[in-house]
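Enquirer: Take this structure, written in structure tokens, and hold onto it; I'll ask about it next.
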Amino acid sequence: MPDAVELEEITRVYEPRRRADSWVVALDQIWLTIADGEIHGLLGPNGAGKTTLVKILSTVLLPTSGHARVLGH
């Protein structure tokens, strides 16, 4: 059975609306594997990229680069 979650070099970069000359890196080359049946928590301070990661895993956002798989999809 495939891993429940597989992240390979997930990067997400945003261009702020107010300033076109600066970029915001929300996720920077994240690697993570969660085996089937494991339980994990996602903790971090405000602005750490937690919501961005969940949106990528739920296909609401596309990563700027890298690959994300949930149950092999």
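Enquirer: How many residues does segment 13-42 contain that are under 12 Å from residue 57 (Cβ atoms) and either open to solvent by less than 60 Å² (accessible area, probe 1.4 Å) or part of a strand (DSSP E or B) (or both)?
Expert: Total meeting the criteria: 4.
Enquirer: Taking the options 45, 63, name whichever one is open to solvent by less than 70 Å² (accessible area, probe 1.4 Å), outside any strand (DSSP E or B) and not basic (Lys, Arg).
Expert: 63
Enquirer: Let me ask something additional. Yes or no: segment 3-12 includes at least one residue that is at pLDDT 95 or above and exposed (fewer than 11 other Cβ atoms within 10 Å of the Cβ).
Expert: Within segment 3-12 (the criterion being at pLDDT 95 or above and exposed (fewer than 11 other Cβ atoms within 10 Å of the Cβ)), the answer is no, since none of the residues qualifies.
Enquirer: Next up: Name every residue in segment 48-60 that is surrounded by fewer than 11 Cβ atoms within 10 Å (Cβ to Cβ) and either under 16 Å from residue 9 (Cα atoms) or of a type in the set (A, V, I, L, M, F, W, C) (or both), in order of residue number.
Expert: Hit for segment 48-60 is 60, nothing else.
Enquirer: If I go through segment 27-73 residue by residue, how many of them are farther than 20 Å from residue 3 by Cα, without any contact (Cβ under 8 Å) to a residue 40 or more places away in the chain and of a type in the set (Ser, Thr, Tyr)?
Expert: Final tally of qualifying residues: 1.
Enquirer: Separate question: Pairs, please: C-beta under 7 Å, at least 6 apart or cross-chain, first residue more than 11 Å from residue 64 (Cβ to Cβ) and in segment 1-26, second among the hydroxyl-bearing types (Ser, Thr, Tyr) and not in a strand (DSSP E or B)?
Expert: These pairs meet every condition: 16/22.
The values are calculated or read from the model by the stated rules, or taken from the named source; none is laboratory data. All figures in this text were calculated on a predicted structure; none of them were measured in a lab. Neighbour counts run over all protein chains shown; Cβ positions are idealised from the backbone, glycine included. The area values use the complete protein model at the heavy-atom level, side chains included, leaving out ligands, DNA and RNA. Shrake-Rupley method; radii C 1.70, N 1.55, O 1.52, S 1.80 Å.
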